[in-house]
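**Student:** Sending over a structure as structure tokens; questions will come in a sec.
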Amino acid sequence: MRHGSLFSGIGGFEWGAKYAGIETIWSCEIAKFQRKVLSKNFPNVKLYEDIRDIVSPKYADIVSGGFPCQDISIAGKGKGIKGERSRLWKEMYRILREIRPKYIIIENVPALTIRGLETVLCDLAQAGYNAEWRCISNSEFGFPHKRERIYIIAYSNKNERQKRVLQRCGKIESIFIETPELRGGHTFAQRIYQMPDSEIIGINDGVSDWYNRVGAIGNAVNPIIALYLFICIIKFDNRYGSERNHEGSASDA
């Protein structure tokens, strides 16, 4: 499968896809510093700048994106998904309808459940997708901080065989793996936490682009959680995706 990334930041979903063996074919990020990071780490990936200017990108089996949360977060002004920044969801939705990927991953803050989740789910349903969502914390993967986020995985609802399997015995089988089989995050987090002070970089010495780096990391998707989500999709596709092919373009949506 191939992956396209919207609101890419410094490439959390790109790294997760790479770890899962999935090729990222295009990304989109408007912030200058984050674009520099993406260009350095993923030089062969087509990089769009403004999501509002994207027209007919190449088909990708999986499209991911964490649309802006400033209007949704409890730390913001509470305007919700129709706010100036968070309403960019509609641009993401436009692109999803244009290329109709097999799978969609959406990331946002947990407050989306009261400030826009209904809109997202209704839009996805109108385009022909079922969706499941779950709030996941970094601490669940062994990292020494919570950073809880909501993750939505959507997939086509047009496959009758898939529906029958999911509804077997009246039980819906979730796309999310109940017990993640990857626990490498604990090791990585523990290594970082226990790292000794660097002989080269110190607090008093200053770090180049420190403000941009902290902001970019603060907004980033954890690559280990992204890897978990891609593994969920791979396992789900192996079970139920054999009869499901991507369908047409925006005119079919």
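**Student:** Checking the condition of a type in the set (V, I, T), at pLDDT below 95 and not in a loop (DSSP other than H, G, I, E, B), which residue from V165, V207 passes?
**Tutor:** On inspection, the qualifying residue turns out to be V165.
**Student:** Would you check which residues across the stretch 18-65 are hydrophobic (A, V, I, L, M, F, W, C), assigned to a strand (DSSP E or B) and over 17 Å from the mean Cα position of the chain (by Cα) and list them?
**Tutor:** none
**Student:** Still on this model: Which ones in the stretch 61-90 are of a type in the set (D, E) and farther than 17 Å from E118 by Cα?
**Tutor:** D61, E84
**Student:** Okay, moving on. Any idea how many residues of the stretch 104-114 are under 18 Å from N219 (Cβ atoms) and outside any helix (DSSP H, G or I)?
**Tutor:** Number satisfying all stated conditions: 5.
**Student:** List pairs: first in the stretch 49-63 and within 21 Å of F33 (Cβ to Cβ), second of a type in the set (A, V, I, L, M) and crowded, with 19+ Cβ neighbours inside 10 Å, Cβ under 7 Å, 6+ apart or cross-chain?
**Tutor:** I51/L6; I51/L88; I51/M92; I54/I95
**Student:** Further question on the same structure: Condition first: of a type in the set (K, R), touching a helix residue (DSSP H, G or I) at 6+ places or on another chain (Cβ under 7 Å) and not in a loop (DSSP other than H, G, I, E, B). Can you find one or more residues in the stretch 70-84 that meet it?
**Tutor:** No - not one qualifying residue is present in the stretch 70-84.
**Student:** Here is a further query. Which members of the stretch 124-140 meet the condition of being within 17 Å of the chain's Cα centre (by Cα) and not basic (K, R)?
**Tutor:** Listed by number, the residues that qualify are L124, Y129, N130, A131, E132, W133, C135, I136, S137, N138.
**Student:** Hey, does the stretch 105-115 have a residue that's under 30 Å from N238 (Cβ atoms) and of a type in the set (D, E, K, R)?
**Tutor:** Yes: the stretch 105-115 contains one or more residues that are under 30 Å from N238 (Cβ atoms) and of a type in the set (D, E, K, R).
**Student:** From the residues in the stretch 115-149 that are of a type in the set (V, I, T) and modelled with pLDDT of 95 or more, which one is surrounded by the fewest Cβ atoms within 10 Å (Cβ to Cβ)?
**Tutor:** T119
**Student:** Identify all residues within the stretch 61-112 that are surrounded by 21 or more Cβ atoms within 10 Å (Cβ to Cβ) and small (G, A, S); write none if there are none.
**Tutor:** S64, G65, G66, S86, listed by residue number.
**Student:** Also, quick follow-up: Quick one: T187 ticks every box in (1) under 22 Å from I231 (Cα atoms); (2) exposed (fewer than 15 other Cβ atoms within 10 Å of the Cβ); (3) modelled with pLDDT of 65 or more; (4) not small (G, A, S) except a single one, so which number is it?
**Tutor:** (3) is the only condition that T187 fails.
**Student:** One residue is enough: does the stretch 50-65 have a residue meeting the conditions aromatic (F, W, Y) and closer than 21 Å to G12 by Cβ?
**Tutor:** Taking every residue of the stretch 50-65 in turn, none turns out to be aromatic (F, W, Y) and closer than 21 Å to G12 by Cβ.
**Student:** A further question follows. Which residue pairs have Cβ atoms closer than 6 Å, lie 6 or more positions apart in sequence or on different chains, and pair a first residue in the stretch 2-15 that is in a loop (DSSP other than H, G, I, E, B) with a second residue that is of a type in the set (S, T, N, Q) and surrounded by 24 or more Cβ atoms within 10 Å (Cβ to Cβ)?
**Tutor:** S8/S27
**Student:** Only one of S5, S56 is modelled with pLDDT under 95 and touching a helix residue (DSSP H, G or I) at 6+ places or on another chain (Cβ under 8 Å); which?
**Tutor:** Just one listed residue meets the conditions, S56.
The values are calculated or read from the model by the stated rules, or taken from the named source; none is laboratory data. All of these numbers come straight from a predicted model, not from anything done at the bench. Cβ: placed from backbone, ideal geometry, glycine included. Neighbour counts: every protein chain shown.
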